[in-house]
Amino acid sequence: MGAIESGAKKKRRRKDLRNAVLATIGIAGVLAVAAVAPNVVQLLKVTGATDRLRYRAMTVLGRLKAKGEIEFIEREGKRYARLTPRGKELLAFYREKLRLQEEKPRRWDQRYRLVMFDIPEKRKRTRDQLRLTMREIGFLRLQDSAWVYPYDCEEFVALLKAHLHIGKDVLYAVIEEIENDAVIRTHFHLPAKS
């Protein structure tokens, strides 16, 4: 495995662990800090190397705290982690992203969802993150700043806009028809026009 692949794999693992810690705290509401690591291990269904994973979970807690996604509270001499409003927002975003990736409606409602954006060059990193996220979900790129998806994704787009702080720069539209949509129908395995 090359250096680039190895680096990408590390980033994915770190992101998975972060999301697992967020989900664990989100499910429990308030969770004792000492209990976070065993719950994360159980959530990830990881066996072996638990001491190393426990250390990483504690490091993740520190990063989540630094980013303002969790806060620590003291009750009866014990330390607990709790999601902040920002953490709840982030957890909702990841849940919706996962839902869109895994659940496709059985029937298509014959409408396309078009996401268009105009993000300035000075926010290029945010623009690239938006494109990457939409590609991960399965959106089809029509043009650099116009992407299409055949199923309802309004909640996801709203959460994505909040997550990336790009409210006015992104437009969401539900449209009935797109000219020459055979490529789109083929890409999403939709029925041909009758």
- Query: In region 174-194, how many are exposed (fewer than 11 other Cβ atoms within 10 Å of the Cβ) and under 20 Å from residue 118 (Cβ atoms)?
  - Reply: 1
- Residue among 112, 80 that alone is in contact with a helix residue (DSSP H, G or I) (Cβ under 9 Å, 6 or more places away or on another chain), among the aromatic types (Phe, Trp, Tyr), closer than 18 Å to residue 26 by Cα and buried (at least 17 other Cβ atoms within 10 Å of the Cβ): 80
- Scan of region 64-87 for residues that are more than 14 Å from residue 22 (Cα to Cα) and modelled with pLDDT of 85 or more, ordered by number: 74
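The values are calculated or read from the model by the stated rules, or taken from the named source; none is laboratory data. The model shown is predicted, which means the values in this text are computed figures rather than measured ones. Note that each Cβ is placed from the backbone with ideal geometry, even for glycine, and that neighbours are counted across all protein chains shown.
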